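Okay, structure first, notes after.
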Amino acid sequence: MYTHIVVFLHVLSAFVWVGGMIAIRVAVHPVLQSIEEPKIKLGKTLQITGRLFHLVIPFILTLLATGLMMAIASNGHHGILKSLFLSKEVIWTVMVLNFIYMYVQRRSAWKLFEAGKLPEAKAKVKHIPNLLLPVNIVLGVVALYLGVSLRGL
């Protein structure tokens, strides 16, 4: 009875998380790079990533809950679906660990930024836009594809 709602919430959560990362990396980050004043550029970058990170936390938790519901309801940990479910769970776990690392680094950078330690703050987040965020984007797209594959079986 609630299958459609669970699937909808799962897909919506994936779109918000992965879509938010894509929007930040592809649309927002390049524009931020045009800001010439380093303090303003770093401050805006930290504010934007902070807002995104706080926005996606409930969606990440919803993904976990709805994913578990669907795995249990479909007996996905047994039979032919087992490898697809396990693949999605591994991808999700890597994405969450990466997200937690980015979140902690960004939070530390914000504290350093507020203390006026700009070089240290910048160093804390230097890998987010060009490494960590793209890794999560690629993993998220793969997870979305696997999810579509699961729904088709």
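Readers should treat all values here as calculations from the given coordinates under stated rules, not as data from a laboratory. Just so it is clear, the structure is predicted and the values come from calculations on it, not from any experiment. Using ideal geometry, Cβ is built from the backbone for each residue, glycine included, and neighbour counts are taken over all protein chains shown.
Counting only the backbone N, which residues of the stretch 107-121 are under 16 Å from the spot 7 Å out from the Cα of GLU37 toward its beta-carbon? The answer is 114, 116, 118, whose backbone nitrogens lie closer than 16 Å to the label point. As a proxy for reagent exposure, ranking TRP110, TRP17 by other Cβ atoms within 10 Å from fewest up yields TRP110, TRP17.
When the chain is treated as a Gaussian network with alpha carbon springs shorter than 10 Å, the biggest mean-square fluctuation among MET70, MET21, MET102 belongs to MET70.
Relative contact order of the chain, taken over Cα pairs closer than 8 Å and 6 or more residues apart, is 31 percent. Among the lysines of the chain, pairs that are 8 or more positions apart or on different chains and have alpha carbons within less than 20 Å of each other number 19.
Show me the helices of the chain, taken as full DSSP H stretches, that run 15 Å or more along their long axis by Cα and average 0.5 or above in Kyte-Doolittle hydropathy.
3-22, 38-73, 133-151
Between TRP110, TRP17, ALA27, whose Cα lies farthest towards the positive end of the dipole of the stretch 3-151 when Lys and Arg beta carbons carry +1 and Asp and Glu beta carbons carry -1, centred on the Cα centre? Checking the options against the dipole of the stretch 3-151, the answer is TRP110. The GNM of the chain, with springs linking C-alpha atoms under 10 angstrom apart, assigns the highest mean-square fluctuation among ILE35, ILE57, ILE128 to ILE35. If you compute Rg and Dmax of the Cα atoms in Å for the structure shown, which of (i) 18.5, 64; (ii) 15.3, 45; (iii) 17.6, 57 do you land on? Correct label is (iii). Placing a pseudo-label 7 Å from each Cα along the Cα-to-Cβ vector at ILE57 and ALA27 gives an inter-label distance of 2.4 nm. Counted by neighbouring Cβ atoms within 10 Å, the residues ILE72, ILE137 run from fewest to most as ILE72, ILE137.
The charge dipole of the chain, taken about its Cα centre with unit charges on the Cβ atoms of Lys, Arg (+1), Asp and Glu (-1) only, comes to about 300 debye.
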